[in-house]
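Heads up: the structure comes next, in structure tokens.
Computed from the coordinates by the stated procedures, all read-outs in this text should not be read as laboratory data. On a predicted model such as this, the values are computed, not experimentally measured, just so you know. For neighbour counting, all protein chains shown are included, and Cβ atoms are generated from backbone atoms with ideal geometry for every residue, glycine included.
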Amino acid sequence: MARLLGVQIPDNKRIEYALTFLYGIGWSTSDKILSQVKVDKNRQVKDLTETDIKKIIEVIEKNYKIEGDLREEITGDIKRLKEINSYRGLRHIRNLPVKGQRTRSNARTKRGKRKTVGALRKETWAKMEQHKTGAAAKPTESSK
């Protein structure tokens, strides 16, 4: 496995795809980097020479923020939004979608599992109570 800027990159993948393993580099950025370095994007990582790898690293370090620096910048930006109590900052604090998405019917990944709120029917309440007492009674009977 090749190592680029502290990240292990698999040898048997195309270099165009392998560069996307770096945080902050996607498909389009990977394509731009490879065209600057003049490396064929269909070559596999194991077929690259040391000079090719050095050129790629040089271009990335000079022109792009990646990995730790980028993560640090993003968390700093979110922290600033929270401190100034902007609308976006409040959405981050409340763990809700930030960019205007609807929350009435969607946003499950951000808000988490559904929690039922409100009154329950008497029958439903009785079933829940029955399960609680039944579950508590079972272990004592099996232990006898």
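Could you tell me which of the residues Ser30, Ser35 is of a type in the set (Ser, Thr, Tyr) and either under 18 Å from Arg3 (Cα atoms) or surrounded by 15 or more Cβ atoms within 10 Å (Cβ to Cβ) (or both)?
When all the criteria are applied, what remains is Ser30.
Evaluate the stretch 60-81: report whether one residue or more is in contact (Cβ under 8 Å) with a residue 60 or more places away in the chain and of a type in the set (A, V, I, L, M).
Restricting attention to the stretch 60-81, the residues satisfying the condition of being in contact (Cβ under 8 Å) with a residue 60 or more places away in the chain are 66-67.
Of the ones still in play, those that are also of a type in the set (A, V, I, L, M) are 66.
Within the stretch 60-81 (the criterion being in contact (Cβ under 8 Å) with a residue 60 or more places away in the chain and of a type in the set (A, V, I, L, M)), the answer is yes, since at least one residue qualifies.
One residue is enough: does the stretch 7-15 have a residue meeting the conditions of a type in the set (D, E, K, R) and assigned to a helix (DSSP H, G or I)? It would help to see each step written out before you state the result.
Let us first name the residues in the stretch 7-15 that are of a type in the set (D, E, K, R), namely 11, 13-14.
Among the residues that remain, those that are also assigned to a helix (DSSP H, G or I) are: none.
Checked the stretch 7-15: no residue is of a type in the set (D, E, K, R) and assigned to a helix (DSSP H, G or I).
Looking at Ser86, Ser35, Ser30, can you tell me which residue is free of Cβ contacts under 8 Å to residues at least 24 places away in the same chain, over 24 Å from Thr109 (Cα atoms) and within 25 Å of the chain's Cα centre (by Cα)? Break it down stepwise before answering.
Values: Ser86 fails: over 24 Å from Thr109 (Cα atoms); Ser35 fails: within 25 Å of the chain's Cα centre (by Cα).
Step by step, each of Ser86, Ser35, Ser30 is checked, and only Ser30 is free of Cβ contacts under 8 Å to residues at least 24 places away in the same chain, over 24 Å from Thr109 (Cα atoms) and within 25 Å of the chain's Cα centre (by Cα).
Going by the conditions given, is Lys41 within 30 Å of Gly89 (Cα to Cα), in a loop (DSSP other than H, G, I, E, B) and not polar (S, T, N, Q)? Don't jump to the end; show me each part of the working.
Numbers: within 30 Å of Gly89 (Cα to Cα): no; in a loop (DSSP other than H, G, I, E, B): yes; not polar (S, T, N, Q): yes.
Answer is no for this residue.
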